[in-house]
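Presented below is the structure to which this report refers.
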Amino acid sequence: MASSEDDGSVEEKENAKKKQIGAVATAWLTFYNIAMTAGWLVLAIAMFRFYMYKGTHKGLYKSIQKTLKFFQTFALLELVHCALVRTSVLVTGVQVSSRIFMVWFITNSIKQIQNEESVLLFLVVWTVTEITRYSYYTFNLLKHVPYFIKWARYNLFIVLYPAGVAGELLTIYAALPYVRKTAMYSLRLPNKYNISFDYYYFLIGVMCFYVPLFPQLYFHMLRQRRKVLHGEVFVEKED
């Protein structure tokens, strides 16, 4: 039977290992959030300079698409981060996957809609939201969050979130005629797989999916706002 000294030694080693893992995770998350803040700042500056030089939003998406696709796709790591921080995998998964879907399977795939005003709308919303969000996470990891960053994080979404959803829905709606005309990403019978898939109706389904999903995510953020800014505690109801 091991002595108490041996037990203490093992426990100390385990605690030291946990602290080391925690320090590495914190360092990585800090680097990640700083990089993402910088990335979205670069996008914001590029968008501002383009509009000041051209005087129009037409051609904006094409000029920033590589940077946008890189940083938005890089956000997939946030699903892995759910194992490191206390956050909802479902909420994170929905937010990240919807953004990537909008970038790769809508605006990137259907070039005819890239100059739509709705694209400009969700780009501006995403940019402001992500700069605020990632800077908040960075300062939070550094244990010092300036009040204006906290205020922006838990107040701007009240307007930005509905505006972003409107931009995304209007963009998908604008894409529907082109999808129907070209039958892109669709699979029609007969074929060797003996299955049928119509991307046009899939997009309509995606738009319908926003209806029940948006209120849930929006009220989730409202609860977080009340918790962080006003210190309210919410108790989950048992089934």
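Throughout, read-outs are computed from the coordinates displayed, never taken from laboratory work. Worth saying up front: this structure is predicted, and the values here are computed from it rather than measured. Here the Cβ is made from the backbone with ideal geometry for all residues, glycine too, and neighbour counts use every protein chain on show.
In whole Hz and in residue order, list the ³J(HN,Hα) couplings for the stretch 77-86 that follow from phi through the Karplus curve 6.51 cos²θ - 1.76 cosθ + 1.60, θ = phi - 60°; x for Gly and Pro.
4, 5, 5, 5, 5, 4, 7, 9, 10, 7
Measuring from centroid to centroid over Cα atoms, what is the spacing of the stretch 27-47 and the stretch 92-166 in Å?
Measuring centre to centre over Cα atoms gives 13 Å.
How many percent of all Cα-Cα pairs in the stretch 113-239 sit more than 26 Å apart? Working shown, then result.
Details: 3437 of 8001 pairs.
Tail of P(r) above 26 Å: 43 percent of Cα pairs.
Taking 30 Å as R0, compute the FRET efficiency from the Cβ-Cβ separation of residue 67 and residue 194 and round it to 0.05. Please list the in-between numbers first.
Working: r = 42 Å, r/R0 = 1.39.
In this case the efficiency is close to 0.10.
Over 20 Å apart: what share of the alpha carbon pairs of the stretch 93-168 falls there, rounded to a whole percent?
On the way: 1109 of 2850 pairs.
Across the stretch 93-168, Cα pairs with separations above 20 Å total 39 percent.
Provide Rg and Dmax in Å for the stretch 21-94, with only Cα atoms included in the calculation.
Over the stretch 21-94's Cα set, Rg and Dmax evaluate to 15.8, 50 Å.
Could you work out which residue, out of 115, 155, 191, moves most in a Gaussian network model of the chain, that is, has the largest mean-square fluctuation with Cα springs under 10 Å?
Evaluated over the chain, the most mobile residue of the options is 191.
From the phi angles alone, apply the Karplus equation (6.51, -1.76, 1.60; θ = phi - 60°) to the stretch 169-176 and give each ³J(HN,Hα) in whole Hz, x where the residue is Gly or Pro.
Those phi angles translate into 5, 5, 5, 4, 4, 5, 7, 3 Hz.
Looking only at 162, 212, 190, which one moves most when the chain is put into a Gaussian network model with springs between Cα atoms under 10 Å?
Top of the fluctuation ranking is 190.
On alpha-carbon atoms, Rg over Rh for the stretch 130-191 using Kirkwood Rh?
On the way: Rg = 20.0 Å, Rh = 14.9 Å.
Result: Rg/Rh = 1.34.
Distance check, please: which entries in 66/150; 54/111; 150/227; 69/111; 54/150; 58/111 exceed 23 angstrom between their Cα atoms?
Pairs exceeding 23 Å: 66/150; 54/150.
Per 0.36 nm of contour for each residue apart, how much would the distance between residue 184 and residue 38 grow if the chain were fully extended, relative to their Cα-Cα spacing?
Working: separation 146, 0.36 × 146 = 52.56 nm, distance 3.50 nm.
Contour length minus the Cα-Cα distance gives 49.1 nm.
Please find, in a Gaussian network model of the chain (springs between Cα atoms separated by less than 10 Å), the residue of 60, 77, 160 whose mean-square fluctuation is greatest.
Among 60, 77, 160, the largest GNM mean-square fluctuation belongs to 77.
³J(HN,Hα) across the stretch 93-109 via Karplus (A = 6.51, B = -1.76, C = 1.60, θ = phi - 60°), whole Hz, x for Gly/Pro?
Values per residue, Gly and Pro as x: x, 5, 5, 5, 5, 5, 5, 5, 4, 4, 6, 7, 9, 10, 5, 6, 7 Hz.
When the Kirkwood radius is taken over all Cα pairs of the stretch 83-133, what Stokes-Einstein diffusion coefficient follows at 4 °C and 1.567 mPa s, in µm²/s? Walk me through the intermediate numbers first.
Numbers: Rh = 12.5 Å.
It comes out at roughly 104 µm²/s.
Only one of the values (1) 1.26; (2) 0.94; (3) 1.86 was calculated from this structure for Cα Rg over 2.2 N^0.38 Å; name its label.
Matching the structure shown: (1).
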